[in-house]
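Only one structure is covered here, and it is reproduced in the block below.
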Amino acid sequence: MNPFENIATKVGFKNNITKQEHGLKCDKCGRTYDYYEFDNGQIVKDGCDCEMIELAKQRKADFDKHNRIAKANSIFKKSIINQGLAQCTFNNYQATNEELSRAKALCERYANNFSVDNKQSLLLQGTFGTGKSHLSMAMVKTVRAKGYSVLYMNVPQLISTIKGTYNNNTDITEQELNRIIGDVDLMVFDDFGINMNDFATSKMFELIESRVGKHNIYTTNLNAQELSKNKDMQRIFSRIMANTTLIKMNGEDYRMRGINL
Ligand SMILES: Nc1ncnc2c1ncn2[C@@H]1O[C@H](COP(=O)(O)OP(=O)(O)OP(=O)(O)O)[C@@H](O)[C@H]1O
Ligand SMILES: [Mg+2]
Ligand SMILES: [Zn+2]
């Protein structure tokens, strides 16, 4: 009886060895091992741990991925999204003019090519109801499906939420919110620029500053002049435009279709 069979009998393996080879050499670690196959299908390589190490690595990778997705989901839950956007996809966006058709194609490309290495941002700018929020949400879905962390914030509501954190009865502190916004793989600031009082302007400056050099999507109704109407807004606008592609989205208001005024 060889040493392994000896141990196997000692620890009381109930299964019988159906195949064995001795003195094999592992290509990976170079060690010599003995190979055993049991009648329950189990395989043992006595002398080489490569497969166990590989299995452990795989388990760890699965575990990390699971954790990453769980964390990404819990972050996404902090998003502030207006009703109606939940159903938005690229498929159900029907571009009604050339500019919007080009916008759709660029957004789709952005989402499909999303990777952490190649940090780029988009500014979707145009008139009401042309689908800026719709396409942003469609990008969010694609990027989330790839396992990235995403946060979607309607800016006016984000500002109210920040004010709300000053009352003690909210579930998140301003610091936590800042940290999450600074950390996510993709940040969406939807509807930037309207009703920007001094408080909103200084908060948005901090948040947008914390996102420079990362992936961001901004949507706005304001044009470049309106976005840089004073020094403070210019400071924000200049940071928004860092490594950012401007996508114009002008057209008829989709919300008003079929309505004759
Ligand atoms: N081309 C389109 N095809 C299908 N649905 C559309 C299209 N454009 C807009 N919609 C729908 O119309 C509604 C308004 O669009 P959305 O909110 O994306 O506009 P917006 O450009 O963000 O407007 P605003 O500037 O007022 O924020 C949404 O429910 C959206 O799903
Ligand atoms: Mg919108
Ligand atoms: Zn080996």
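For every residue, the table says whether it meets (1) touching a residue at least 40 places away in the same chain (Cβ under 8 Å); (2) in contact with a Leu (Cβ under 6 Å, 6 or more places away or on another chain).
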residue: Leu177; (1), (2): yes, no
residue: Asp198; (1), (2): no, no
residue: Thr219; (1), (2): yes, yes
residue: Asp253; (1), (2): yes, no
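Between Glu108, Glu98, which is within 16 Å of ligand 1 (Cβ to nearest atom), among the charged types (D, E, K, R), without any contact (Cβ under 8 Å) to a residue 12 or more places away in the chain and open to solvent by 60 Å² or more (accessible area, probe 1.4 Å)?
Glu98
Select from the stretch 124-136 the residues that are open to solvent by 10 Å² or more (accessible area, probe 1.4 Å), more than 7 Å from ligand 1 (Cβ to nearest atom) and closer than 15 Å to Ala111 by Cβ and list them in ascending order.
Of everything in the stretch 124-136, nothing turns out to be open to solvent by 10 Å² or more (accessible area, probe 1.4 Å), more than 7 Å from ligand 1 (Cβ to nearest atom) and closer than 15 Å to Ala111 by Cβ.
Can you say whether Gly84 is modelled with pLDDT under 90, within 16 Å of ligand 2 (Cβ to nearest atom) and more than 27 Å from Asp183 (Cβ to Cβ), as far as the supplied structure shows?
Here the answer is yes, as Gly84 does meet what is asked.
Given Asp171, Asp185, which one is among the charged types (D, E, K, R) and within 25 Å of Leu135 (Cβ to Cβ)?
Selected residue: Asp185, the only one of Asp171, Asp185 that is among the charged types (D, E, K, R) and within 25 Å of Leu135 (Cβ to Cβ).
Right, Tyr166: closer than 27 Å to Arg235 by Cα, of a type outside the set (Gly, Ala, Ser) and loosely packed, with under 15 Cβ neighbours inside 10 Å or not?
yes
Failed condition for Ile69, given (1) open to solvent by 90 Å² or more (accessible area, probe 1.4 Å); (2) at pLDDT below 85, with all others met?
(1)
Could we say that Thr161 is more than 19 Å from Asn112 (Cβ to Cβ), in contact with a strand residue (DSSP E or B) (Cβ under 9 Å, 6 or more places away or on another chain) and surrounded by fewer than 19 Cβ atoms within 10 Å (Cβ to Cβ) here?
Details: more than 19 Å from Asn112 (Cβ to Cβ): yes; in contact with a strand residue (DSSP E or B) (Cβ under 9 Å, 6 or more places away or on another chain): yes; surrounded by fewer than 19 Cβ atoms within 10 Å (Cβ to Cβ): yes.
Yes; evaluated as a whole, the condition is true for this residue.
Checking the structure you have, find out if any residue of the stretch 161-173 is within 16 Å of ligand 1 (Cβ to nearest atom) and touching a residue at least 40 places away in the same chain (Cβ under 8 Å).
no
Would you list the helices (runs of 4 or more DSSP H) that sit entirely within the stretch 37-146 and hold 2 or more residues that are within 30 Å of Ile17 (Cα to Cα)?
By residue number, 50-76.
Per-residue answers, yes or no, for (1) at pLDDT 95 or above; (2) more than 16 Å from ligand 2 (Cβ to nearest atom); (3) within 30 Å of Lys132 (Cα to Cα); (4) among the β-branched types (Val, Ile, Thr):
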residue: Thr9; (1), (2), (3), (4): no, yes, no, yes
residue: Asn16; (1), (2), (3), (4): no, yes, no, no
residue: Ile43; (1), (2), (3), (4): no, yes, no, yes
residue: Phe76; (1), (2), (3), (4): no, yes, yes, no
residue: Phe90; (1), (2), (3), (4): yes, yes, yes, no
residue: Leu100; (1), (2), (3), (4): yes, no, yes, no
residue: Cys107; (1), (2), (3), (4): yes, no, yes, no
residue: Phe114; (1), (2), (3), (4): yes, yes, yes, no
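In the stretch 26-52, how many are surrounded by 13 or more Cβ atoms within 10 Å (Cβ to Cβ) and among the small types (Gly, Ala, Ser)?
Residues in the stretch 26-52 being surrounded by 13 or more Cβ atoms within 10 Å (Cβ to Cβ) and among the small types (Gly, Ala, Ser): 1 in total.
Tell me whether the stretch 227-237 contains one or more residues that are at pLDDT below 95, more than 30 Å from Glu98 (Cβ to Cβ) and within 16 Å of ligand 2 (Cβ to nearest atom).
No, the conditions are met nowhere in the stretch 227-237.
The values are calculated or read from the model by the stated rules, or taken from the named source; none is laboratory data. The shown structure was predicted, so the numbers you read here are calculated from the model rather than taken from an experiment. Cβ atoms come from the backbone with ideal geometry, glycine included; neighbour counts cover every protein chain shown. Areas reflect the complete protein model, heavy atoms only, side chains present, ligands, DNA and RNA absent. Shrake-Rupley method; radii C 1.70, N 1.55, O 1.52, S 1.80 Å.
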